[in-house]
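The values are calculated or read from the model by the stated rules, or taken from the named source; none is laboratory data. Fair warning: this is a prediction, and the values are worked out from it, not measured in the lab. Here the Cβ positions follow ideal geometry from the backbone for every residue, glycine too, while neighbour counts run over all protein chains shown. Accessible surface is based on the protein model in full, side chains and every heavy atom, while ligands, DNA and RNA are left aside. Shrake-Rupley method; radii C 1.70, N 1.55, O 1.52, S 1.80 Å.
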Amino acid sequence: MTNLSRPDVIRLVAFSMLLILPVTSGGQQLPPVAEQMAKTFGLDSFGKVEAIRYTFTIPGLVSARTWEWKPKTDTVSYEGKDKEGKPVQVAYKRSELSSQSDAVKNQIDPGFVNDQYWLLLPLHVAWDGASVTDEGMHETPLGKTSAQRIVVKYASSGYSPGDTWELYVGADKRVEEMTYHRAVAVPGLPNVVNATWEGYKKAGPLLISTEHHGTADGKPFQLSFADVAVRVKGSKTWISAQ
């Protein structure tokens, strides 16, 4: 689990884990439905993306955090607040994280990992090399409808050892709901999260779910993305999600 200060651990409804840059994994054979899902969300066109920007919020828990990420250089720009509530603006390369301040290493970058994972979860299914299985048709936990369940389980070592994600995929290969199971309990963080995937918008070649509602250990949960935009190779113009 990423190192966070105790107040941040208590407040952050997060699943921080090692962020693996988008690369083609020659050894991983995805089930067809998982591959189709990832392609629906823009897997094949991700190489065209020069930059992504977005604002992440969990109302009442996490104030707005605005990010700009350049995947090719793994450069991050952050605008938000520090743990005292003071405005912060910072830019850094994640390859040079060890030379950054404690605030960047222990609060800002873990926040980036969490927020970016939520934004691009269907692509991480293809990128990360986790175990991915097609479990067939199942009832969704919240809507009680039928969807194809993809189970994504991470290794027993690393930042989120043994954590499991269940993605419920509709006929259009979009995620309708998800369930997250934490394998190793962390004080102040939820062990089970059920969330809808709603508010779909296209930002350039990427499909983004901007609204998530559900429960975290049985308590109401809400997460949203705003001001999502993508800049593609060869262009200086941002394409806003719509």
Please report how far the C-alpha centroid of segment 211-240 lies from that of segment 150-182, rounded to the nearest whole angstrom. 18
From Cα pairs below 8 angstrom and at least 6 apart in sequence, can you work out the relative contact order of the chain, rounded to a whole percent? 22
Evaluate the charge dipole of segment 155-242 about its Cα centre and quote only its size in Debye, nearest 20, assuming +1 on the Cβ of each Lys and Arg and -1 on the Cβ of each Asp and Glu. 520
Under a point-charge model restricted to the Cβ atoms of Lys and Arg (+1) and Asp and Glu (-1), what is the dipole moment magnitude of the chain relative to its Cα centre, in debye to the nearest 20? 560
Is it possible to state the helix-based mean residue ellipticity at 222 nm for the chain, with each DSSP H run of 4+ residues giving -39500 (n - 2.57), the sum divided by total residues, to the nearest 500 deg cm²/dmol? What is it? -3500 deg cm²/dmol
Across segment 166-178, in residue order, what do the Karplus-derived ³J(HN,Hα) couplings come to in whole Hz, using 6.51 cos²θ - 1.76 cosθ + 1.60 with θ = phi - 60° and x for Gly and Pro? 10, 9, 9, 10, x, 4, 7, 6, 9, 6, 9, 8, 8
Ignoring ligands, DNA and RNA, how do THR196, THR133 rank by accessible area with a 1.4 Å probe, largest first? THR133, THR196
Please say if segment 36-81 is rounded, prolate or oblate, where rounded means a/c under 1.5 for a ≥ b ≥ c the square roots of the C-alpha gyration tensor eigenvalues, and otherwise the choice is prolate for a/b larger than b/c and oblate otherwise? oblate
Work from the charge dipole of the chain (Cβ charges, +1 for Lys and Arg, -1 for Asp and Glu, about the Cα centre) and give the residue of HIS181, PRO71, SER235 farthest towards its positive end. SER235
Return the lysines within reach of LYS201: Cα separation strictly under 30 angstrom, same-chain partners fewer than 8 residues apart disregarded; answer none if there are no such residues. LYS39, LYS48, LYS70, LYS72, LYS81, LYS93, LYS144, LYS153, LYS173, LYS219, LYS233, LYS236
Within segment 71-191: Cβ-based charge dipole about Cα centre, in debye rounded to nearest 20 (Lys, Arg +1; Asp, Glu -1): 140
Read phi for every residue in segment 181-197 and hand back ³J(HN,Hα) as whole Hz from Karplus 6.51 cos²θ - 1.76 cosθ + 1.60, θ = phi - 60°, with x for Gly and Pro. 10, 7, 7, 10, 4, 10, x, x, 10, x, 8, 9, 10, 10, 8, 7, 10
Relative contact order of segment 183-242, please, whole-number percent, based on alpha carbon pairs below 8 angstrom and at least 6 residues apart. 29
Under the definition of Cα pairs under 8 Å and six or more residues apart, what whole-number percent is the relative contact order of segment 33-81? 26
